[in-house]
Structures are given as C-alpha cells and as structure tokens.
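To start, the structure under review is shown below, and the notes come after it.
The values are calculated or read from the model by the stated rules, or taken from the named source; none is laboratory data. Note that the structure is a prediction, hence the values are computed from the model and not measured. Here the Cβ is made from the backbone with ideal geometry for all residues, glycine too, and neighbour counts use every protein chain on show. Each accessible area value is taken on the protein alone, full model and side chains, heavy atoms only, with ligands, DNA and RNA left out. Shrake-Rupley method; radii C 1.70, N 1.55, O 1.52, S 1.80 Å.
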Amino acid sequence: MPRPFEDVPERFSFPENEEEVLKWWEEHDTFKESIRRSEGKPYYSFYDGPPFATGLPHYGHILAGTIKDIVCRYAHQTGHCVQRRFGWDCHGLPVEYEIDKKLNITGRDDVLKMGVDKYNAECRAIVMRYSKEWEATVKRVGRWIDFENDYKTMNITFMESVWWVFKQLHDKGLVYRGFKVMPYSCPCSTPLSNFEVQQNYKEVDDPSVVCAFPLLEGSGRAKGTALVAWTTTPWTLPSNLALCVNPEKDYVEIRDEASGTIYILMAARLAQLYPELNNEKKKKEAAKKFTELSRFKGADLKGLQYQPPFGYFESTRATGSFRVITGSFVTEESGTGIVHCAPAFGEEDYNVCMAHGVVRKGEKLVCPLDANGRVTDEVPEF
C-alpha cells in the first residue's frame with residue numbers, strides 16, 4: 001500500500017525522517033520485494049569493486065557507494081532486474097600490512113619462515129574485522145544492497161571464477177606478457193597500486209647527486225668534455241642506459257675556471273652547478289666561476305656517446321645504450337636539463353628509451369635488484 005501524504009511539521013528533522021524511511025523499508029523488506037517483483041525482466045549486471053573490511057568506511061566510500069546505488073536504482077526503475085550483492089576484497093596489501101605490523105614481519109623471508117599457510121590464516125582472521133560497521137554505514141545512507149548473500153574474494157569459488165575468466169582470455173589469444181614501471185614495495189616484494197602507495201604516502205628527504213658523464217672521443221667536442229646530469233635516485237646510476245635532453249631548449253658548453261673541466265648542461269639550469277647565480281648580490285661573482293664556450297639547442301646533442309659512471313652493462317652499448325636521446329618531458333624547473341635514464345626504474349625513462357630503441361619490447365631490462373630491493377651479483381661491489 002502506498003504511504004499517505006502527511007502534513008509537514010514546522011520543525012522538520014531530516015535525520016529522523018531518514019531513519020523512519022529506513023525502518024519502513026526494513027519492516028516491509030522493500031529491497032528484496034523490489035528484486036522479487038523484477039524477476040523475469042532483462043537482467044542488468046553491475047560490476048562493483050568491493051572494499052577492504054580491514055578499515056572503516058570513509059567519505060570516499062560513501063560518495064562512490066551513493067553513485068553506484070543511483071545507477072542500480074535507475075536500471076531497476078527502467079525495467080531491469082538488478083541483483084546487488086555486497087562484496088569484500090580480502091586480498092592485497094591492506095590485509096597483509098596489518099598482519100605484518102602485528103607479527104613484526106619485515107619481508108618475504110619472514111613469511112616463508114613462518115609458513116605461508118599460517119600467514120594466510122592470520123590474514124583470514126582479520127579480513128572481516130569491520131564488516132558490521134560497514135553494513136550499518138551502508139544501510140544508513142540508504143543504499144540497497146544484499147549483505148546476507150555477500151561474496152568474499154578469498155572464497156575458493158570466487159578465485160576459481162577469476163581464473164576461469166583469465167583462461168578464456170588466454171585461449172582467445174588476448175593475454176600477453178608485458179613490462180610496466182610501477183611503484184614497488186621491497187619489504188612486501190610486490191608492485192603497488194596507486195591506492196596502496198597513497199595509504200602510506202610520506203614526504204621524505206632523499207639524497208640527490210650531480211654526476212658527470214664524459215663524452216667519448218669522436219664527439220666533436222674538446223677532450224674531457226662531460227655532460228652533467230642530476231638525479232634524486234643515485235641508487236639507479238649503475239643501471240643508467242641513456243641521457244635525455246629537451247631538443248627545443250638552449251644548452252651551453254662551459255669551462256669551470258676552478259678545475260678547467262668543460263661541462264654541458266641546460267642554459268637555464270646553470271644555478272644547479274653555481275647556486276649563487278640565484279642570489280642577486282652574489283650573481284656577478286658567481287658568473288666569474290665559469291666561461292661560456294658555446295650555446296646550442298638540445299637537438300644538437302642527440303646521438304652523442306658517453307662513458308657511464310659504472311661499466312657493468314657496457315655490453316649493451318652495441319644495442320644502443322650510452323648515448324644522448326631527446327624528450328619533451330625534460331624541463332627547466334629542476335636539475336641540469338639532462339636526465340639520467342634507467343628504464344627499469346622510471347616510467348618516463350622507460351617510455352623515452354623505448355621510443356629511441358635503447359630498449360625493445362620483450363627484451364630483458366637492466367635491473368640489478370632482486371625482489372627484496374637488494375643489489376644482485378651483476379653489481380659485485382655493492
């Protein structure tokens with residue numbers, strides 16, 4: 001029976017009215033009744049990414065859940081049968097992170113010593129920690145979804161269904177093996193999603209270095225001339241395979257008066273070597289510390305070969321490594337205007353090295369680190 005219209009009181013409480021509606025829905029089992037009445041109508045499938053139950057719902061969950069509810073309600077009201085089951089994501093780092101803190105686990109080796117079966121049992125014990133709080137919150141915001149017939153990604157039936165789908169894709173030739181540079185957790189020995197990275201995002205002070213890369217003889221430059229690159233990841237220098245410059249920007253060849261060494265860097269970034277150039281009072285004195293020998297576009301440096309700081313992978317020179325390449329992502333905002341490229345450790349590095357043939361699709365990348373972030377025997381000194 002439809003509810004009769006009632007006079008609206010002068011003082012009206014929306015929260016109380018919402019609770020009355022929720023109570024009415026519960027008493028009349030309105031959601032399940034709507035599903036029953038829509039049986040036999042065209043089925044509407046809605047794929048909902050389930051949340052982790054190891055944490056409490058927040059504003060982002062509530063907003064996304066409201067939008068999902070609107071979509072499903074619209075589909076129902078336009079003549080579809082819309083089954084809606086709540087799900088729980090029981091895999092991934094949020095669960096493992098909680099157990100690692102509890103058991104003081106610092107890496108993969110600790111898990112293997114403990115036993116994977118025991119570690120999994122610990123994880124299973126907490127995956128539904130806040131399920132009741134989730135159910136109360138979701139129902140309070142008025143979302144229609146079935147908690148009694150929910151699913152969990154740790155259920156064998158769910159995992160087997162995922163593998164079945166993957167096999168169908170593989171059988172149709174739609175699966176390929178590729179390479180993508182992603183955030184990585186050394187203690188967990190696993191790549192991270194953007195969501196997982198943000199969970200423990202911190203601003204920290206990292207060491208940066210300015211490194212000279214001497215040009216090889218035959219470059220057309222004076223003997224000893226070196227390209228100057230700046231990096232905030234000095235641990236990737238053994239994996240250097242290329243240097244990248246912006247083809248449209250101005251670069252300068254200078255002689256450092258103190259050492260007599262000739263350096264090449266972006267004209268707009270001279271202050272990286274001579275910081276006092278940014279100080280109006282000391283600018284003139286700083287300018288005496290070097291002599292500009294020539295000025296040219298970055299494109300003029302393309303193809304020049306250089307000596308990397310470490311020679312562990314010198315054999316890759318024959319296939320295009322250790323030369324200057326160009327990329328528009330190199331800016332005047334920081335560094336020296338010459339970017340050290342280690343394609344296994346940077347997305348832009350990988351893309352620009354692929355574009356210039358320094359690395360090729362399907363080939364093994366230079367990556368002298370193991371799954372725990374430790375240097376391999378390819379770099380014996382470290």
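For this structure, a couple of remarks:
- Residues in the range 311-364 that are in contact with a Ser or Thr (Cβ under 6 Å, 6 or more places away or on another chain) and aromatic (Phe, Trp, Tyr): Phe345 alone.
- The one condition in (1) among the hydrophobic types (A, V, I, L, M, F, W, C); (2) in a loop (DSSP other than H, G, I, E, B); (3) more than 18 Å from Thr231 (Cα to Cα) that Ala318 fails to fulfil: (2)
- Residues in the range 196-245 that are assigned to a helix (DSSP H, G or I) and closer than 24 Å to Glu332 by Cβ: 3 in all.
- Picking from residues in the range 1-28 that are under 26 Å from Glu148 (Cα atoms) and in contact with a helix residue (DSSP H, G or I) (Cβ under 9 Å, 6 or more places away or on another chain), the one that is most open to solvent (accessible area, probe 1.4 Å) is Glu26.
- Residues that are in contact with a strand residue (DSSP E or B) (Cβ under 9 Å, 6 or more places away or on another chain), of a type in the set (D, E, K, R) and either within 29 Å of Val252 (Cα to Cα) or at pLDDT 95 or above (or both) do not occur anywhere in the range 337-347.
- For the range 224-247, the set of residues classified as modelled with pLDDT of 95 or more and surrounded by fewer than 15 Cβ atoms within 10 Å (Cβ to Cβ) is empty.
- Tally, over the range 334-351, of residues that are hydrophobic (A, V, I, L, M, F, W, C) and more than 27 Å from Ala271 (Cβ to Cβ): 1
- Look at (1) among the hydrophobic types (A, V, I, L, M, F, W, C); (2) at pLDDT below 95; (3) outside any loop (DSSP other than H, G, I, E, B) and you find that Ile70 fails only one, number (2).
- Residue match in the range 36-50 (condition: open to solvent by 40 Å² or more (accessible area, probe 1.4 Å), small (Gly, Ala, Ser) and over 26 Å from the mean Cα position of the chain (by Cα)): yes
- Tabulated pairs, the range 54-80, first open to solvent by 70 Å² or more (accessible area, probe 1.4 Å), second charged (D, E, K, R) and not in a loop (DSSP other than H, G, I, E, B), C-beta under 8 angstrom, 6+ apart or interchain: Leu56/Glu133
- Within the range 170-181, being in a helix (DSSP H, G or I) and either surrounded by 11 or more Cβ atoms within 10 Å (Cβ to Cβ) or in contact (Cβ under 8 Å) with a residue 60 or more places away in the chain (or both) holds for one residue alone: His170.
- Close contacts from the range 335-361, counting a first residue that is at negative phi and a second that is at pLDDT below 95 and aromatic (Phe, Trp, Tyr), with Cβ to Cβ under 6 Å and a gap of 6+ residues or different chains, come to Thr336/Trp230; Pro343/Tyr350; Glu348/Phe329.
- Odd one out for Glu314 among (1) open to solvent by less than 60 Å² (accessible area, probe 1.4 Å); (2) more than 15 Å from Leu243 (Cβ to Cβ); (3) without any contact (Cβ under 8 Å) to a residue 24 or more places away in the chain: (1)
- Search result, residues across the range 273-298 that are of a type in the set (A, V, I, L, M) and either outside any helix (DSSP H, G or I) or surrounded by 15 or more Cβ atoms within 10 Å (Cβ to Cβ) (or both): Leu273, Leu277, Ala286, Leu293
Yes/no per residue for (1) modelled with pLDDT of 90 or more; (2) touching a strand residue (DSSP E or B) at 6+ places or on another chain (Cβ under 7 Å):
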residue: Ala267; (1), (2): yes, yes
residue: Glu276; (1), (2): yes, no
residue: Glu280; (1), (2): no, no
residue: Lys288; (1), (2): yes, no
residue: Lys297; (1), (2): yes, yes
residue: Gly303; (1), (2): yes, yes
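- Being within 21 Å of Tyr251 (Cβ to Cβ), aliphatic (A, V, I, L, M), surrounded by 17 or more Cβ atoms within 10 Å (Cβ to Cβ) and free of Cβ contacts under 8 Å to residues at least 60 places away in the same chain is true of Leu270.
- Any chance Tyr74 is among the aromatic types (Phe, Trp, Tyr) and under 21 Å from Gln198 (Cα atoms): no
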